[in-house]
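Below: the structure, in C-alpha cells.
The values are calculated or read from the model by the stated rules, or taken from the named source; none is laboratory data. The shown structure was predicted, so the numbers you read here are calculated from the model rather than taken from an experiment. Because the Cβ atoms are built from the backbone with ideal geometry, glycine has one as well, and the counts that use them run over all protein chains shown.
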Amino acid sequence: MKYSKDVERAIKESKEIAIEIQSKTIRPEHLFLALIENEDSMAYLTLKDMKLNIDAIKQTLKDWSNAVQGQIGLSKLRSNSVISLDLETDKILKYAIKSFISVLS
C-alpha cells in the first residue's frame, strides 16, 4: 500500500527509532514514538495538554520495546539487516488511513 507523505515521514522516523533501539522491525510503539517526537503532531499536543511527562513516556516505550523484543524472540538488529514494518504496524496504518478516508467522506 502506498502511504501519504505524512505517513511515509512517520514510517521513516519509526525506522530511525527502530535502528536506535536495535530492532529489526518497525513495531507500533516505534510508530507512536515517532509521532510524539514531532512537537506539531496531534499525539504530542494531546499528551502535552494532558500535562504528561512526554520524555518519561518516550523512555518507557523504548524500555518496553526492548523487553518485548526479547520476549517475543526478535533478534537484535545486525549491520546488514533489512528493517521492515511488522504486520501489526502495517494493519494499524491501513486502518488509520481507512478511518481517515471515511471521516472525510
The one condition A18 fails out of (1) modelled with pLDDT of 90 or more; (2) under 12 Å from the mean Cα position of the chain (by Cα); (3) more than 21 Å from F100 (Cβ to Cβ) is (1)
- [ ] Could you tell me whether K15 is under 18 Å from L87 (Cβ atoms), touching a His at 6+ places or on another chain (Cβ under 9 Å), surrounded by 12 or more Cβ atoms within 10 Å (Cβ to Cβ) and among the basic types (K, R)?
- [x] yes
Subset of segment 1-59, residues part of a loop (DSSP other than H, G, I, E, B) and polar (S, T, N, Q), comes to S4, Q22, N38, S41, N53
